[in-house]
Amino acid sequence: MKTNLTYSKAYTELEKLVEQIEDDKIQLDTLADKVKQAKKLINFCENKLRTIETEVEQAIKDKPEN
Amino acid sequence: MEPVKLSELVGRISDAIENRFTGKRFWITSEITDVKKKESVRRCYLKFIEKENNYINTEIRGVFWANYYNEIENFEKITGQKFSDGLKITCNVRVRFHPRYGLNLDVIQIDLAYALGKLELEKQQTLERLVKENPAIIRLIDGQYITKNNHSKLPIVFQKIALITAPNSDGQRDFKQEIENNQHNYIFSVKEFLTQIQGDNASKLILQQLKLIEKSKENFDAVVIIRGGGSQIDFKPFDDYDLAKYVAAFPIPILTGIGHDRNTSIVDLMARQHKTPTKVATLIIDYNMSFESEIEDLKERFFQGVEELIKTDKNNLESIKRIVKSSSPTTILKKGFSIITINDKIITDPKSIKANTQLKTILKNKIIHSKVTQKTEYENQFDI
């Protein structure tokens, strides 16, 4: 998974893929790649909502106990 | 002259006062100070003062007796303001003289309309000043305060949250409970910036926390300011000019759950107001849910598209297959047509066929070898 992927990027890319497929702009021979790409974007969004980002986790750990 | 006993003199003073004031009530407007609430006995001692050029020129003691203590509780509940030193109130009083404790004003009633009006006026003045002095970040349009903060673009998802709240408060607990136990299993990172949230210094302390958050603003999607539950008093810090101005210009969206149904504080107006801590948490969860359902929609559309694409291509392939099949020699021969060759070359133009030419006529499963005896004209009857 690309490390610099963000929610907005994932959303925009997925939207683009949907447009391409709805406008018949995807060739059959590139379909497998597009499906793979779409699955990756969907998984990214769904998983990221349910996992904490490591750097934030770290920031919280660094916080002194009060 | 014979000296009189103290009690006799004081008794005369007492008589004079009683004659003049017994059974009379007065409305006064005055600043109060030295407020001492004795909640256990439901009594409150204070001083009424009047100043001229910051110099106190009049001062008299006042008391709320138990019968009238609820006037204070009402005042706090309705104005959202603590009954404390420095307030200016209008109240109904009785003059009373006690031989030992001296002159006193017994308070019977606080004028709430005056208190509210004064509070509202102060608030209005602060709002006017905010708009006037900060045109780049605060504008008043159609009764709405449009600020840099409450019209900043929201992130696509709220996940990293800076929480400003009082330690161990009901608000903190309500918010976290709602956020942590959401039914979608969304995970949030909530970093707490704990501070005093009511009292004289609260606005400065909240401001400090905002400054701290701003230093690492890239780590947060939203700032949540929570107070609530518990006591309803003292919302004044949220009407503070400096704090409100800072909130209006703050680069990260601020969501407030300050928990006051009657009043909207100035900070609420400068940020995005959601009333209670639980409501802020619900909003955040719903916000993420609507993002996820958009992703779900795209997912469905994409895979439906894929399915249709495959189906269309399959259909195209089928019809090509049918065309190929129907024009294949086997099909044609089966229908009773034949192929004529001369020297194994298929003849499509009869020009080269003459009398005595050797022909091979290919049928479904036989070849007829023949020699041409005659060639005549024929009019095609098969054109469609």
*Under a straight-distance cross-link criterion of Cα-Cα below 15 Å, which aspartates and glutamates are reachable from B:Lys191, leaving out those fewer than 8 residues away in the same chain?*
A:Glu53, A:Glu55, A:Glu57, A:Asp62, A:Glu65, B:Glu180, B:Glu214, B:Glu218, B:Asp221
*Could you pull out every one of the aspartates and glutamates with an alpha carbon less than 17 Å from that of B:Lys38, ignoring same-chain neighbours closer than 8 positions?*
B:Glu71, B:Glu73, B:Glu76, B:Asp85, B:Asp106
*Per-residue HN-Hα couplings for region B:134-140 [Karplus 6.51, -1.76, 1.60; θ = phi - 60°; Hz; x = Gly/Pro]*: 9, x, 6, 10, 10, 10, 9
*Using bins 5 angstrom wide from zero, how does P(r) for region B:330-371 break down, in % of all Cα pairs?*
6, 24, 31, 24, 11, 4, 0
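Based only on Cα atoms, what mean projected area does the convex hull of the protein assembly as shown have, in nm²? List each step's numbers first, then the result.
Details: hull surface 172.2 nm².
So the Cα hull casts an average projection of 43.0 nm².
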*Considering only the other residues whose Cβ falls under 9 Å of the Cβ of B:Thr126, what net charge follows from Lys and Arg at +1 and Asp and Glu at -1?*
-2
*Among B:Asn316, B:Leu46, B:Ile179, whose Cα sits farthest toward the positive end of the charge dipole of the protein assembly as shown (+1 at Cβ of Lys/Arg, -1 at Cβ of Asp/Glu, about the Cα centre)?*
B:Asn316
*Counting only DSSP beta bridges with both residues in region B:119-289, tell me the antiparallel percent, nearest 5.*
20 percent
*Restricting to chain B, what percent of DSSP beta bridges are antiparallel, rounded to 5?*
70 percent
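Dividing the Cα convex hull volume of chain B by residue count, how many Å³ per residue is that? Intermediate values should be presented prior to the final figure.
Working: hull volume 113.7 nm³, N = 384.
Here the figure is 296 Å³ per residue.
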*What is the helix-to-structure angle for B:6-21, meaning the angle in degrees between its Cα long axis and the longest Cα principal axis of chain B, kept from 0 to 90 and rounded to the nearest 10?*
50 degrees
*Return the subset of B:Lys325/B:Lys364; B:Lys77/B:Lys132; A:Lys34/B:Lys314; A:Lys34/B:Lys160 for which the Cα-Cα distance in this structure is over 21 Å, preserving the input order.*
B:Lys77/B:Lys132; A:Lys34/B:Lys160
*asked:* Students often forget the sequence filter, so: which aspartates and glutamates lie under 12 Å Cα-Cα from B:Lys360 once same-chain residues fewer than 8 apart are removed?
replied: B:Asp344
*Using DSSP, restrict attention to beta bridges with both residues in the protein assembly as shown and report what percent are antiparallel, rounded to the nearest 5.*
70 percent
*Have a look at B:Tyr101, B:Tyr246, B:Tyr45 and tell me which one the Gaussian network model of chain B (Cα, springs below 10 Å) gives the largest fluctuation.*
B:Tyr101
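Please go through region A:1-41 and write out the trypsin sites (Lys or Arg not before Pro) that DSSP classes as loop and that have at most 14 other C-beta atoms within 10 Å. Let's see the in-between values first.
Values: sites: A:Lys2, A:Lys9, A:Lys16, A:Lys25, A:Lys34, A:Lys36, A:Lys39, A:Lys40; in loops: A:Lys2, A:Lys25.
Passing sites in region A:1-41 are A:Lys2, A:Lys25.
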*Would you mind counting up the charge near B:Lys51? Only other residues with Cβ under 15 Å from its Cβ, with Lys and Arg at +1 and Asp and Glu at -1.*
-4
*Could you tell me what % of all Cα pairs in region B:60-208 have separations over 19 Å?*
72 percent
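Looking at region B:52-161, which trypsin sites (Lys or Arg not before Pro) are DSSP coil and have at most 11 other C-beta atoms within 10 Å of their C-beta? Each step should come with its number before you reach the end.
Values: sites: B:Arg61, B:Lys77, B:Lys82, B:Lys88, B:Arg94, B:Arg96, B:Arg100, B:Lys118, B:Lys123, B:Arg129, B:Lys132, B:Arg139, B:Lys148, B:Lys153, B:Lys160; in loops: B:Lys82, B:Arg100, B:Lys148, B:Lys153.
Filter output for region B:52-161: B:Arg100, B:Lys153.
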_I want to verify a result. In a Gaussian network model of chain B, Cα cutoff 10 Å, which of these has the top mean-square fluctuation: B:Pro167, B:Pro99, B:Pro251?_
B:Pro99
_On C-alpha positions alone, give me the angle between the axis of helix B:70-79 and the longest principal axis of chain B, in degrees, nearest 10._
30 degrees
*asked:* Angle check, please: helix B:170-180 long axis (alpha carbons) against the longest principal axis of chain B (alpha carbons), in degrees 0 to 90, nearest 10.
replied: 10 degrees
*Where a label projected 7 Å from the Cα of A:Leu28 along Cα→Cβ would reach, residues of region B:307-329 with amide N under 15 Å*: B:307-324
*Order by neighbour count: B:Ser203, B:Ser319, B:Ser40, B:Ser152, fewest other Cβ atoms within 10 Å first, most last.*
B:Ser40, B:Ser319, B:Ser152, B:Ser203
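Of the listed pairs A:Lys39/B:Lys176; B:Lys82/B:Lys118; B:Lys211/B:Lys245; B:Lys47/B:Lys82, which have alpha-carbon separations greater than 23 Å here? Working shown, then result.
Working: A:Lys39/B:Lys176 32 Å; B:Lys82/B:Lys118 14 Å; B:Lys211/B:Lys245 13 Å; B:Lys47/B:Lys82 16 Å.
Going by Cα-Cα distance, A:Lys39/B:Lys176 fall outside the 23 Å limit.
Read the figures in this text as sums done on the coordinates, not as results from a lab. Everything numeric in this text was worked out from a predicted model, so none of it was measured. In this analysis, Cβ positions are derived from the backbone assuming ideal geometry, glycine residues included, and neighbour counts consider all displayed protein chains.
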